[in-house]
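Everything on this sheet refers to the single structure shown next.
The values are calculated or read from the model by the stated rules, or taken from the named source; none is laboratory data. Just so it is clear, the model here is predicted, and its values are computed rather than measured. Ideal geometry is used to build each Cβ from the backbone, glycine not excepted, and the neighbour counts take in all protein chains shown. SASA here: full protein model, heavy atoms, side chains in, ligands and nucleic acids out. Shrake-Rupley method; radii C 1.70, N 1.55, O 1.52, S 1.80 Å.
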Amino acid sequence: MTTPSDPVVEQPGPVRVALVDDQQLVRAGFRMVIDSQPDLEVVVEAGDGAEALRRLAVVPVDVVLMDVRMPHVDGLEATARLTVGDVTPEPVKVIVLTTFDLDEYVLSAIKAGASGFLLKDAPPEEMLGAIRTVHAGDAVIAPSSTRRLLEHLVTALPDDAAAPHPGLADLTDREREVLVLMARGRSNTEIAGDLFVAEATVKTHVGRVLAKLAVRDRVQAVVAAYESGLVRPGA
């Protein structure tokens with residue numbers, strides 16, 4: 001008696017990563033850590049935004065680690081062009097590489113479409129987790145360093161920068177509560193524990209928050225919460 005063969009399941013390849021930084025030693029260190037993981041692979045390196053745009057136009061990648069301050073084309077312009085699909089067939093996910101002294105430049109990069117921050121001195125496991133999180137479709141907002149950096153950036157904004165986001169009025173009390181917890185760096189699992197609800201319920205609330213604020217991901221939502229004054233630095 002013949003039995004049908006088992007269906008062939010295609011195994012996905014490693015997450016393809018691009019490193020864009022004008023410091024070769026930084027790229028080398030990141031590459032060593034990333035390439036040590038079986039599910040991650042560095043496929044592109046570039047020393048500035050212009051080189052990155054040229055290379056990424058022909059080499060497909062999943063996630064880009066992007067420095068901000070670089071010669072020729074900086075990380076802000078490169079991020080904006082990559083996240084709208086101006087260079088590649090589909091928008092590319094970008095994580096901004098930064099230190100605390102970049103202030104409004106990093107906030108501009110987030111507004112340009114970056115999916116989160118990564119401090120250059122972050123522990124290796126945080127960098128690897130950020131790449132996997134962004135590739136999975138979420139945004140890097142949970143690490144405590146991200147919240148501190150957001151607070152630092154928003155504190156540096158001019159006083160007249162705070163303005164109510166038009167979508168905030170459409171949020172229910174529970175959705176507003178979820179947004180505040182997101183801004184405090186809480187994951188879906190942690191929010192579910194805080195509110196004594198199922199994680200699936202939290203995911204539904206998060207989705208509605210993003211839709212009502214007309215933002216792409218958690219990072220954009222949290223920036224809106226800080227800029228509108230819903231969440232205050234240190235609160």
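Protein chains only, probe 1.4 Å: how do PHE30, PHE196 rank by accessible area, largest first?
Numbers: PHE30 25, PHE196 185 Å².
Putting PHE30, PHE196 in descending order of accessible area: PHE196, PHE30.
Distance between the C-alpha centers of the range 169-202 and the range 210-224? Whole Å please.
The range 169-202 and the range 210-224 have Cα centres separated by 14 Å.
May I ask you to list the trypsin sites (Lys or Arg not before Pro) in the range 176-235 that are in a DSSP loop and have at most 15 other Cβ atoms within 10 Å of their Cβ?
Passing sites in the range 176-235 are ARG216.
For the range 165-218, which whole-number percentage of the solvent-accessible area (1.4 Å probe, protein heavy atoms only) is attributable to carbon and sulfur atoms?
C and S fraction of accessible area: 53 percent.
What FRET efficiency comes out for the pair ASP121/ASP35, r = Cβ-Cβ distance, R0 = 25 Å, nearest 0.05?
The formula returns an efficiency of 0.80 here.
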